[in-house]
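So the structure is just underneath, and the comments pick up after that.
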Amino acid sequence: MHKSGWIGMVSLLALAGCAEQNGVCQVSTLGDLPVLNKQGSPIVGVTINGHDAAMIVDSGADISMISEEASKNFGLVDTGHVLNISGVTGEMLSPIMQADKMGLGSGTSGEVYLTQAKRSFGGTMAGRPVVGLFGADFLQSYDVMFDLPGGKIALYQLSGCKTPTPTWEGPSSKVDWYRLGTHELRIGTTIRLNGKKIDAMLDSGAWHTSVLPSQARKAGVSKDDLAQDITFTSTGVSGKRRDGGHLHRFASLQIGDELYPNPLLGISPIETNGYALLGADFLRHNRVWVSYRHEQLYIQRLQPSEQDHTFDLRIKPKNAPATGAEPAVPVSAPFPRISLRDPASSGNVPAAASAPAGAPVTAPPAPTP
């Protein structure tokens with residue numbers, strides 16, 4: 001997504017407590033972006049060519065996208081260029097479209113480029129159609145604070161700040177960082193699953209944290225263990241379905257210095273080049289600060305371990321009444337990208353609402369000779 005045209009969007013703030021010996025901590029910001037939904041991948045409001053819309057914020061996607069339907073309805077122009085998009089279930093060719101104007105927060109941009117996808121991003125949110133996603137090509141210009149427990153995302157540009165998370169009060173935990181993908185726009189980190197090191201990607205576009213079968217085996221999960229688990233089918237950017245997923249309760253998951261006991265995670269043969277997906281369920285219960293510029297990642301845990309429900313998921317059993325007490329044992333949750341197939345535990349699952357991991361970055365297309 002091309003952003004060189006962002007205008008009228010920043011206000012410089014000298015934050016109390018950020019002063020340094022050689023200067024003052026200054027923060028440029030779009031202001032807080034209210035998150036419109038209370039579960040799953042974060043969705044924020046935008047305007048595209050004057051039309052109200054909503055888009056998913058997806059740190060696991062290299063590129064920003066828009067649906068084919070919205071592209072037509074909002075008057076985007078085909079640039080004549082295409083990209084090969086890779087997702088968790090395969091690849092597809094997609095045209096690059098141009099919007100004359102986009103609004104986000106207090107900012108407005110002209111000449112915005114979005115890759116068009118032949119898929120729906122999922123219904124409406126707060127009266128706005130959900131038409132696409134913001135990928136890492138957009139996010140990389142900022143320090144991004146995911147405060148989903150507080151119902152907001154903030155985009156910052158910092159200058160002279162000694163504190164890496166200048167708007168936070170209280171302690172935070174630094175998490176190791178490395179870059180992933182062809183264009184090195186995605187965020188990789190090392191986590192511990194049942195005490196074993198595995199590689200993961202921070203993916204706000206994934207509704208639920210999932211690990212690969214090989215990583216689950218490394219953590220001690222056997223075939224007999226999987227036979228006792230609920231199974232599911234995943235759906236990716238191309239609309240293809242992939243079987244072979246399981247929901248499994250592990251003994252522990254450690255992210256940075258924080259230990260999460262008894263997490264219920266997905267085990268799925270998704271195509272992520274060997275990386276687990278640290279999803280929106282993690283972001284929904286913790287504050288997360290991502291600095292692309294400084295390659296830093298911090299988390300702030302909001303609940304003590306014994307009260308933490310970050311990875312504690314629930315699904316209503318089939319034919320369960322709409323009201324009343326929840327099942328005594330939490331066994332799963334509503335995954336928009338997952339269709340449960342266990343006859344004893346399946347239920348209504350929302351439509352797919354997330355997308356690609358591994359897509360090439362969108363840049364302003366070169367003029368056609």
>> Contact list please: Cβ distance under 6 Å, first residue in region 265-291 and farther than 19 Å from residue 193 by Cα, second residue assigned to a loop (DSSP other than H, G, I, E, B), pairs at least six apart or on different chains.
In response: 271/88; 289/165
> For region 186-207, which residues satisfy the criterion of being touching a residue at least 12 places away in the same chain (Cβ under 8 Å) and open to solvent by 10 Å² or more (accessible area, probe 1.4 Å)?
Replying inline: 186, 190, 192, 194, 195, 196, 199, 207
> Looking at region 281-297, is at least one residue among the β-branched types (Val, Ile, Thr), surrounded by 12 or more Cβ atoms within 10 Å (Cβ to Cβ) and modelled with pLDDT under 90?
Replying inline: no
> Which residue pairs have Cβ atoms closer than 6 Å, lie 6 or more positions apart in sequence or on different chains, and pair a first residue in region 15-33 that is over 28 Å from residue 138 (Cβ atoms) and open to solvent by less than 80 Å² (accessible area, probe 1.4 Å) with a second residue that is modelled with pLDDT of 85 or more and of a type in the set (Val, Ile, Thr)?
Replying inline: none
> Of the residues 144, 211, 221, which is touching a residue at least 24 places away in the same chain (Cβ under 8 Å) and in contact with a His (Cβ under 7 Å, 6 or more places away or on another chain)?
Replying inline: 221
> Filtering region 37-69 down to residues that are touching a Pro at 6+ places or on another chain (Cβ under 9 Å) and part of a loop (DSSP other than H, G, I, E, B), which residue is surrounded by the fewest Cβ atoms within 10 Å (Cβ to Cβ)?
Replying inline: 39
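Of the residues 85, 96, only one is at pLDDT 90 or above, open to solvent by less than 70 Å² (accessible area, probe 1.4 Å) and not in a loop (DSSP other than H, G, I, E, B); which? Talk me through it step by step, then tell me what you get.
On the way: 85 fails: at pLDDT 90 or above.
From the options 85, 96, the qualifying one is 96.
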> Being crowded, with 24+ Cβ neighbours inside 10 Å, among the acidic types (Asp, Glu) and either modelled with pLDDT of 90 or more or at positive phi (or both), is that true of even one residue in region 103-117?
Replying inline: no
>> Going through 180, 155 one at a time, which residue ends up being buried (at least 21 other Cβ atoms within 10 Å of the Cβ), over 30 Å from residue 51 (Cβ atoms) and of a type outside the set (Lys, Arg)?
In response: 180
> Identify, please: which residue in region 208-228 is crowded, with 19+ Cβ neighbours inside 10 Å and more than 16 Å from the chain's Cα centre (by Cα) and is, among those, nearest to residue 57 (Cα to Cα)?
Replying inline: 212
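The values are calculated or read from the model by the stated rules, or taken from the named source; none is laboratory data. Just so it is clear, the model here is predicted, and its values are computed rather than measured. Cβ coordinates were reconstructed from backbone atoms using ideal geometry, including for glycine residues, and neighbour counts include every protein chain displayed. Just so you know, the surface numbers come from the protein's heavy atoms only, side chains and all, with ligands and any DNA or RNA stripped out. Shrake-Rupley method; radii C 1.70, N 1.55, O 1.52, S 1.80 Å.
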